[in-house]
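The values are calculated or read from the model by the stated rules, or taken from the named source; none is laboratory data. Owing to the predicted nature of the structure, the values given are computational and were not obtained by experimental measurement. All Cβ positions, even for glycine, are placed from backbone atoms using ideal geometry, and neighbour counts span all protein chains on display.
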Amino acid sequence: MRAAVARTFGSPVVLTDVPIPEPELGEVLVRVHASGVCHTDLHAIDGDWPVKPTLPFIPGHEGAGVVEKVGADVSQVKVGDRVGIAWLHDACGRCVFCLSGREALCPKQHNSGYSVNGSFAELAIARADFATKIPDGLGFVEAAPILCAGVTTYKGLKQTEARAGDWVVISGIGGLGHLAVQYACAMGLRVAAVDVADDKLALASRLGAELVVNVKKDDPVSVVQTKIGGAQASLVTAVSTKAFAAGIGVLRPGGTCVLVGLPPGDFPTPIFDVVLKGLTIRGSIVGTRLDLEEALAFAAAGKVRATSTTQQLGQVNEVLDGLRSGRVEGRVVLTYEG
């Protein structure tokens, strides 16, 4: 089968033929029809996170396809089922995090396209318990971005604990942020969008944002505090330490800032403001299987749709270069047919 294999950190992936994996106990083999390309794939391929993948490996964690073969002791999914391969490949199911509904924090988890081979391949292995079924009527290309970008922003918005009618500031209207705008609107939240590009802010407006701020022209903290008296919540998807600081500054007293972007380095925390205003700063990483089911349901209902373009698997390096240079609007989804 064809696969994109990372052999050396920081180098282009290699399109090559690799053996078809055999599903073992509790696993299924999925024929991948579409796979979104995420910034995390870049981090994996470049090896720039503290814990690096083991070379060689196959990236990809937004894979959507059809179960082609099941291993022993698999009953919950069957051949022919439409499923997704998400970042959370599996978790132990026994630790305090798994037992309390926080499986994304499991210290023994494995991650698709990082600690196990992922979906940049014509066929990929998934744990049956974690192969989330894709709702009928939702296409593979439409479902793929929801498997990471969608569920990450949806869970992040839930973590803000904002209620219908509350304002949320969404910073960074890229692959994650443009989905966050849609989820927020579908959840009844009022959206202020922040970015450095007018075209992305125009997209946010079309998707339902009521207030947009270009940080190259205006200070988002000043604009949000002046026009709406601060927001009850903020969600930072931008990979910028300045965006993290602004995500705190836009809050009104009692507000919550949720961080899902992963910029390099640290950012200063205004302790005085955090304490006196009773602010909450919270990190959020992807979501649970239940979060993913809910995120897919929004998409199946037509309330959320990724702005995406498609490319063949053979163009994966061009897509990755586009992500590096910031030329990608929304999401690029790889397709494996033809």
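Miscellaneous remarks
- Checked against the criterion of being of a type outside the set (A, V, I, L, M, F, W, C), outside any strand (DSSP E or B) and touching a Ser or Thr at 6+ places or on another chain (Cβ under 7 Å), the candidates 80, 93, 101 yield just one match: 101.
- In segment 305-330, residue surrounded by the fewest Cβ atoms within 10 Å (Cβ to Cβ) [restricted to those that are more than 19 Å from residue 124 (Cβ to Cβ) and touching a strand residue (DSSP E or B) at 6+ places or on another chain (Cβ under 6 Å)]: 309
- Verdict on residue 251 being in contact (Cβ under 8 Å) with a residue 24 or more places away in the chain and in contact with a helix residue (DSSP H, G or I) (Cβ under 7 Å, 6 or more places away or on another chain): no
- Taken as a whole, the structure leaves residue 59 outside the set of residues that are surrounded by 13 or more Cβ atoms within 10 Å (Cβ to Cβ) and more than 22 Å from the chain's Cα centre (by Cα).
- Unique match (being surrounded by 16 or more Cβ atoms within 10 Å (Cβ to Cβ), touching a helix residue (DSSP H, G or I) at 6+ places or on another chain (Cβ under 9 Å) and either part of a loop (DSSP other than H, G, I, E, B) or small (Gly, Ala, Ser) (or both)) among 12, 53, 21: 53
- For segment 119-162, a residue qualifies if it is assigned to a helix (DSSP H, G or I), under 30 Å from residue 233 (Cβ atoms) and either over 19 Å from the mean Cα position of the chain (by Cα) or not hydrophobic (A, V, I, L, M, F, W, C) (or both), and the qualifying residues are 142, 145, 150, 152, 153, 154, 155, 156, 158, 159, 160.
Residues are listed down the side, and each one gets a yes or a no for (1) basic (Lys, Arg); (2) more than 15 Å from residue 319 (Cβ to Cβ):
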| site | (1), (2) |
| --- | --- |
| 33 | no, yes |
| 48 | no, yes |
| 59 | no, no |
| 64 | no, yes |
| 69 | yes, yes |
| 73 | no, yes |
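- Segment 178-202, subset charged (D, E, K, R), assigned to a helix (DSSP H, G or I) and touching a residue at least 24 places away in the same chain (Cβ under 8 Å), residue surrounded by the fewest Cβ atoms within 10 Å (Cβ to Cβ): 199
- Candidates 310, 237: the one that is farther than 20 Å from residue 191 by Cα and of a type in the set (Ser, Thr, Tyr) is 310.
- Filtered residue count, segment 203-221, keeping only those that are surrounded by 15 or more Cβ atoms within 10 Å (Cβ to Cβ) and on the phi < 0 side of the Ramachandran plot: 12
- Selection status of residue 168, within 19 Å of the chain's Cα centre (by Cα) and not in a helix (DSSP H, G or I): yes
- Neighbours by Cβ (under 8 Å, 6+ apart or cross-chain): first from segment 148-161, closer than 16 Å to residue 305 by Cβ; second polar (S, T, N, Q) and not in a helix (DSSP H, G or I): 153/237
- Restricted to segment 85-109, and to residues there that are touching a residue at least 60 places away in the same chain (Cβ under 8 Å) and surrounded by fewer than 19 Cβ atoms within 10 Å (Cβ to Cβ), the residue that is nearest to residue 2 (Cα to Cα) is 105.
- Some residue of segment 67-75 being assigned by TED's automatic domain parsing to the domain that holds residue 136, assigned to a loop (DSSP other than H, G, I, E, B) and among the basic types (Lys, Arg): no
- Residues that are surrounded by fewer than 20 Cβ atoms within 10 Å (Cβ to Cβ) and outside the structural domain of residue 40 (by TED's automatic domain parsing), drawn from segment 110-158: 158
- All conditions but one from (1) among the hydrophobic types (A, V, I, L, M, F, W, C); (2) at pLDDT 95 or above; (3) not in a loop (DSSP other than H, G, I, E, B) apply to residue 42; the one that does not is (2).
- So residue 40, is it of a type outside the set (A, V, I, L, M, F, W, C), touching a residue at least 24 places away in the same chain (Cβ under 8 Å), out of contact with any helix residue (DSSP H, G or I) (no Cβ under 9 Å at 6 or more places or on another chain) and within 15 Å of residue 175 (Cβ to Cβ): yes
- Restricting segment 24-50 to residues that are closer than 21 Å to residue 334 by Cα and acidic (Asp, Glu), the residue that is surrounded by the fewest Cβ atoms within 10 Å (Cβ to Cβ): 46
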